[in-house]
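J.: Following this message is one structure expressed as C-alpha cells.
The values are calculated or read from the model by the stated rules, or taken from the named source; none is laboratory data. Treat the numbers as computed from the prediction; the structure is a model and nothing was measured. Every residue, glycine among them, receives a Cβ derived from its backbone with ideal geometry; neighbour counts consider all protein chains shown. Heavy atoms of the whole protein, side chains included, go into the accessibility calculation; ligands, DNA and RNA do not. Shrake-Rupley method; radii C 1.70, N 1.55, O 1.52, S 1.80 Å.
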Amino acid sequence: MAFFRFVALILIVLGLMLLGADVVSMLESGQEPALRSLENVWGMFTATGVESFKLWLAEMVPGGAVEIFNIILALPAFAVCGAVGILLAVLFRERDEFA
C-alpha cells in the first residue's frame, strides 16, 4: 500500500510540474494557452515511441479501443498524470482502523 501512495505522490507532483511548464511556456511566448498533450510529452522523450505504440496497438486491440487510446493521448498531460495520481491517492489512502 505504501508503494502505491508513493506512486500517487509522484504522479501528482509530475502533474503539477507539467502544468507549471505549460504556464511558463505560455508566459514566455505571450500567446494563447497551449497545453502539451500526453502524446507531445511522450514524443519529447523518444522519436518513434508514440508512432510505434499506435501501430502496435492497432494490431493488438479492436478499432474502438484504439480510438479510446487516441483520446487519452490527446488529453493534457498534467490532467492525466494528476487525475491518475489523485485516484491512486484516494484508493490507497491510510484508513483509520477505529472508525
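J.: Restricting the first residue to the range 39-52 and requiring it to be closer than 15 Å to LEU14 by Cα, which pairs with a second residue that is surrounded by 11 or more Cβ atoms within 10 Å (Cβ to Cβ) meet a Cβ separation below 7 Å and a spacing of at least six or different chains?
T.: Here the result reads VAL41/LEU18; VAL41/ALA77; TRP42/GLY49; TRP42/VAL50, each pair linking the range 39-52 to a residue that is surrounded by 11 or more Cβ atoms within 10 Å (Cβ to Cβ).
J.: Here are the criteria: (1) closer than 22 Å to SER25 by Cα; (2) among the small types (Gly, Ala, Ser); (3) more than 9 Å from the chain's Cα centre (by Cα); (4) at pLDDT 90 or above. Tell me which single one ALA79 does not satisfy.
T.: (3)
J.: Can you pull out the residues in the range 51-75 that are within 20 Å of the chain's Cα centre (by Cα) and among the small types (Gly, Ala, Ser)?
T.: SER52, ALA65, ALA74 - these are the residues of the range 51-75 that are within 20 Å of the chain's Cα centre (by Cα) and among the small types (Gly, Ala, Ser).
J.: Within the set of pairs 6 or more residues apart or between chains, which connect a residue that is in contact (Cβ under 8 Å) with a residue 40 or more places away in the chain inside the range 57-70 to a residue that is outside any helix (DSSP H, G or I) and open to solvent by 100 Å² or more (accessible area, probe 1.4 Å) with Cβ atoms less than 9 Å apart?
T.: Filtered contacts from the range 57-70: no entries.
Residue-by-condition table, conditions (1) β-branched (Val, Ile, Thr); (2) at pLDDT 90 or above; (3) under 28 Å from ARG5 (Cβ atoms):
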residue	(1), (2), (3)
SER52	no, yes, no
GLU59	no, yes, no
ASN70	no, yes, no
LEU73	no, yes, yes
VAL84	yes, yes, yes
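J.: Here's something else I'd like to know. So which of SER29, SER52, SER37, SER25 is of a type in the set (Gly, Ala, Ser) and in contact with a strand residue (DSSP E or B) (Cβ under 8 Å, 6 or more places away or on another chain)? Give the steps one after another, and end with the answer.
T.: Values: SER29 fails: in contact with a strand residue (DSSP E or B) (Cβ under 8 Å, 6 or more places away or on another chain); SER52 fails: in contact with a strand residue (DSSP E or B) (Cβ under 8 Å, 6 or more places away or on another chain); SER25 fails: in contact with a strand residue (DSSP E or B) (Cβ under 8 Å, 6 or more places away or on another chain).
Step by step, each of SER29, SER52, SER37, SER25 is checked, and only SER37 is of a type in the set (Gly, Ala, Ser) and in contact with a strand residue (DSSP E or B) (Cβ under 8 Å, 6 or more places away or on another chain).
J.: Okay, moving on. Against the condition on the phi > 0 side of the Ramachandran plot and either in contact with a His (Cβ under 9 Å, 6 or more places away or on another chain) or among the small types (Gly, Ala, Ser) (or both), how does GLY20 come out, does it pass? Before you say what the answer is, go through the steps one by one.
T.: Working: on the phi > 0 side of the Ramachandran plot: no; either in contact with a His (Cβ under 9 Å, 6 or more places away or on another chain) or among the small types (Gly, Ala, Ser) (or both): yes.
Taking the combined requirement at face value, the residue does not satisfy it.
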